[in-house]
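Before any comments, here is the structure.
Here, each number is a calculation from the coordinates, and none is a lab measurement. Note that this is a predicted model, so its numbers are computed, not measured. Neighbour counts are summed over all protein chains in view; Cβ atoms, including those assigned to glycine, are modelled from backbone coordinates with ideal geometry.
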Ligand SMILES: Cc1ncc(C[n+]2csc(CCOP(=O)(O)OP(=O)(O)O)c2C)c(N)n1
Ligand SMILES: Cc1ncc(C[n+]2csc(CCOP(=O)(O)OP(=O)(O)O)c2C)c(N)n1
Ligand SMILES: [Mg+2]
Ligand SMILES: [Mg+2]
């Protein structure tokens, strides 16, 4: 009850999400949570642990096993003034809801010239790195970011998990909230006052002058590690955590790249038509005369997500990021004229 | 019966598709066609016109109204040695099948180390420009191109419609076959001998030396028009028709861009995380020292597909393509050193 | 068994023959399960059907004049469209499809606003909260889930609102219909599912759509009471929907209704039904016409005479004239609207695109 | 009506009480609708269940030793898993889920190959065409459609093949199940749907999954004959599946079977069922154990004595030992395989990525 009076607390990322849900339920009676196993069990990752007991099963409850049903009814509830926060149990199990997400959730506001507002949050544990079998490890962000009308965000730290989820629930727009499941158990300080930069801002997680590393979600931790390792090789890498994938905070990112002249985008999803393509395309355009080398992308391989014992070959590693940094034409290219 | 003895014939794009289906049904008894309204009616665009009457309703038939059902049963049929060619009535009506496409059609070969082969073709009339209401005009290519295991192709001419569809049906891989519905009625000469460059090759549709315009599907015609118009402004534009979106024929495209030093990608889909992003990202990397200007993208706006009477503002127009060409820094940039 | 005690299956099953109150020739057929609506309701049903049919003809005419891009006619389905709507209370909600413009108009939405979609000016031309009508839904069966969610939310909030969702025979094959029926039954949501079985999904006849004894037989598989009704009998449709609304309001949960009817016209004006069905079949159904059937009954009952009929016709004619007139006015569309409603606030990228488009437009005009 | 003549609904409805042949205490319960399998079949069912349970225990043990990443136990469901498999003919096909490793093994697939998925070495470790077993399916209900398509193709080709698809109570809520039941019924495809209703979908109990009198009551809504059977009675499951296979083979189309059973263990070893269900409930179901029930029956009939039991146990033990041993051998995985099967031929991009990965690996080893 006095939850929101605290300021700082240390929590794992999953715990921060749990706290965000609890605080939202507490503060706004229109918020409700439903999905598969989110009630009594508290979710397969325990993100909703204890919420049904605390808030009752009218506000936190299990549904029949049907993802289109979950999203479709969430849309109806939002039309009727509620603020549903629903869970898709794993990334690939959101696909049955694709039509409801794409053709309705994303479009109803526009369809009705703003008369119908859909403040729905779809939580999707996503990505690999936890030894999950197939269909449990997809990085599905582009399916959503390419769909106008959706906001797509993904936290990389417990603090952001709390802030972004609170902001997502408060947002009048539908939000696809991607939770990097490999980071669920990582702990960090959480600011319960939500002095967050807001739902659509990227943040610089590490300052540097030689190269800008751009990442998000599960890959951010690896990117930060790579930045530390690069320091030993003499490269001062700046690291940006995008947080919001749609919209994309070009301003923050291009300001950095214009300073450093070099950029690498890092994500887990397959590279082909992956999110990195958009980042690279926008930076190549907006920073053309500042770039000393092409924007490189370190992504997953262009293959279906591998079985657990092979996933390490798929996922971006510190070595691959370092290798990309090495390939940024440090010697051969005379600096471009700084025109423009 | 003697259909395949002809060599050339003039057909509209939809007619070329019809002919390709007929010839495939004729030559390979494993081929079968099903979907909504493809039997008796011959499809809402008449692409399957006459086929049920000619080949019987065991091979060409209407299904219950359920897209996941259509793709899911096609998968089962392909596992049992048939070669289904199914129709999704319109782009947005393929979304209910998204899970079957993404989690099974794309992955079963890989899942079984090649033991299970799925030669399924999913025909999807896609894109706008015909005054269709919402859900009938989506350019959904990126949802598929980002999914490893799928081939994604799209013809822009009647000749290619025939060749690509025959090649798609013959392919051992699942193919998403995107049909630019605004071009269904455009006529052209069709080579029934299929001297086609193959399922995964781009072709140069117009030669030029100043700038490479890259497009596909419904937007190719507009791009060619723009190239003609640009000629009047003194720009010799090369135009490439990608044909295959997955895989992407980087070789053909980058050879052109290395010659011209400038590139514009044109497509109908929303620009954000659209297919053009991948093209721009790959070209920016592979042609970095050849590019006199950033690769520009002319795409649809980042909005849900508009109502018919507003669609002209969304679709790439000749003017927008010309404008992009103008913005390719013809004056200010001193040519970059040709170093590699 | 792991399950809680279950209601006997027979409770959920529909009758073998469709319920009805007025035979095709206008004679009353008493049914113990249904009571005939009051006279004033019957007259309102009749008025509504006459106006609805006139609206429908007018809309079809507008396609020929190029004023509408496309129009899916509901001719022949007036009893379902109007019977259902008049059984709703003001606070109830309607979740219609593309086929149900007539129902939306009957619910009180300005017909010009209704036709905005088919005219091609915008996706939904009316404010759903004004007459409690969701946007007409094109992706089949998806609206069933919206109705269930909406109804469940009402119950959660303690509001007495029933959601009526319309769908076709074809739409029952979609996975979403299944999920909606199931969620509704498990949640005991105040929803009424009205399947207008008009025999075709575009060109695909019912026998390729289902092998079931009736579509209403799906109800028992969800634990939902199901009703099979003559969909060309406005009195009967009204009565069964009213019963279902009452059940929902009483907290007894959802009802599945299958109304047997027929699509007299082609799927839309762009379709050619002669490619897939015989004229005989159409003729056959014309003898079961919902409008003349009720007319006969009302006339026999002395509730309708020439004068009332003339009044009714005149009003329908007036409405059609007003619609025609207003649809003939060219609309001015503002491309800036394209960017305004994608998000609550346009993103930086959208603002830029809006500015670029504005510049283009200015240029074009210069 | 627009429909062709329809079969009476009662033909499709299941019995109110589950069919059974052997009571929980091992006594026979004659059922006019079913005939008791022959003695040798009963003995094979028993053997299969003993082996199946031993396999299951072994697999669970392997998770504790870190040799399997995860394992969803089918303990308690042996009658469904084995009863169904032994009713199939060699040419028939099985479409199993993640829960059905036991059934896949019973069908003749090498258990080490079966466990490749759960060991984390590859997605499917066996060649589906060797024992006619589709890959174990994780996305719920999606396999129902594959089975229908497969069966329909067999019929098209004039082959006498029946497809048996396994699914859980939870999976019946997915849209795909609905579409599969409908396609199968409309096409009269030779498919048998066996719903193993084990009371839970992970933590969600049946009463949150459905409000229907039984899951088998869904059949009538598709025009599909439906059977409710005691899922812990191997003889009964075998008999009903055999009947359904015979119907399919005779061109009479699909059957929906609901087998009432119980998941004795947690959802997987990673789950903790005490969070959502009482030990009492489990105890209750242990008294209905499928293995000891058939043992009692066979013993009473004089078909099973200590010696036969010892043989059966010894064989199960041997199989488990062999599995354990072979699972303890470290596998060598080749990362190059990652690129080989995405397409029939690797694309240029995949070749390049394969080369890069190979270079990395060489570097690492240097
Ligand atoms: C998901 C989806 N698939 C396909 C379509 C294309 N389509 C529009 S109407 C229609 C037939 C619908 O038949 P039915 O449900 O019986 O309704 P009716 O048109 O007869 O009123 C089809 C296939 C669609 N709108 N949505
Ligand atoms: C489409 C989809 N959604 C969610 C899941 C996650 N999931 C795996 S098993 C399971 C419960 C399945 O229950 P049931 O169908 O009863 O089968 P059981 O596990 O009891 O055998 C869930 C929700 C999934 N695998 N696929
Ligand atoms: Mg219909
Ligand atoms: Mg279960």
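Structural remarks
- Protection proxy ranking of C:48-55, C:348-355, A:273-280, by the mean of other Cβ atoms within 10 Å over each peptide's residues and highest first, is A:273-280, C:48-55, C:348-355.
- Relative contact order of region D:105-253, taken over Cα pairs closer than 8 Å and 6 or more residues apart, is 20 percent.
- Note: relative contact order over chain D, using C-alpha pairs below 8 Å and six or more positions apart, is 24 percent.
- Region C:76-97 and region B:140-204: distance between their alpha carbon centers, rounded to Å: 45
- Value of relative contact order over region B:162-254, rounded to a whole percent, pairs C-alpha under 8 Å and six or more apart: 32
- Label point of residue B:50 (7 Å along Cα→beta-carbon): distances to the other copies' equivalent points are 7.2 nm, sorted ascending.
- Euclidean distance between Cα centres, region D:126-165 to region D:55-69, Å: 28
- Taking every DSSP bridge with both residues inside chain C, close to 10 percent are antiparallel.
- Whole-angstrom gap from region A:219-267 to region C:220-270, using each part's C-alpha centre: 59
- Shielding by partners - mean other protein chain Cβ count within 10 Å, residues of B:267-276: 5
- Relative packing of peptides D:119-125, A:229-235 - highest average C-beta neighbours within 10 Å first: D:119-125, A:229-235
- 0 to 90° range, to nearest 10: angle between helix B:158-170 axis and chain B longest Cα axis: 60
- Protection-proxy order for peptides B:58-66, B:180-188, B:166-174, each taking the mean of Cβ atoms within 10 Å per residue, highest first: B:58-66, B:166-174, B:180-188
- Mean ellipticity per residue at 222 nm, deg cm²/dmol - from DSSP H runs of n ≥ 4 across chain C, formula -39500 (n - 2.57): -13500 deg cm²/dmol
- Chain D residue nearest by beta-carbon to the axis mapping D to C, with distance in Å: D:175, 1.
- Within the listed set C:32, C:111, C:290, the Gaussian network model of chain C (springs between alpha-carbon atoms below 10 Å) gives the highest mean-square fluctuation for C:32.
- Exposure proxy ranking, count of Cβ atoms within 10 Å, fewest first, for C:156, B:260: C:156, B:260
- Look at C:183, A:93, B:288 and count the other Cβ atoms within 10 Å of each Cβ; fewest to most, that gives B:288, A:93, C:183.
- For chain C: rounded, prolate or oblate by the Cα gyration tensor [a/c cutoff 1.5]: oblate
- Among D:187, B:330, the ranking by other beta carbons within 10 Å of each residue's beta carbon, starting with the fewest, stands as B:330, D:187.
- Percent antiparallel among DSSP beta bridges (both partners in the protein assembly as shown, rounded to 5): 20
- With a 10 Å cut-off around each Cβ of C:356-364, the average count of Cβ atoms from other chains is 2.
- Remark: label point of residue A:10 defined 7 Å out from Cα along the Cα-Cβ vector; separations to the same position in other copies 8.0 nm, ascending.
- Shielding of peptide D:129-136 by partners, expressed as the average count of other chain Cβ atoms within 10 Å per residue Cβ, is 3.
- Label points for residue C:355 are taken 7 Å from Cα along Cα→Cβ. From this copy to the others they lie 4.5 nm apart, shortest first.
- Estimated from helices alone, the mean residue ellipticity of chain A at 222 nm is -9000 deg cm²/dmol (sum of -39500 (n - 2.57) over DSSP H runs with n ≥ 4, per residue).
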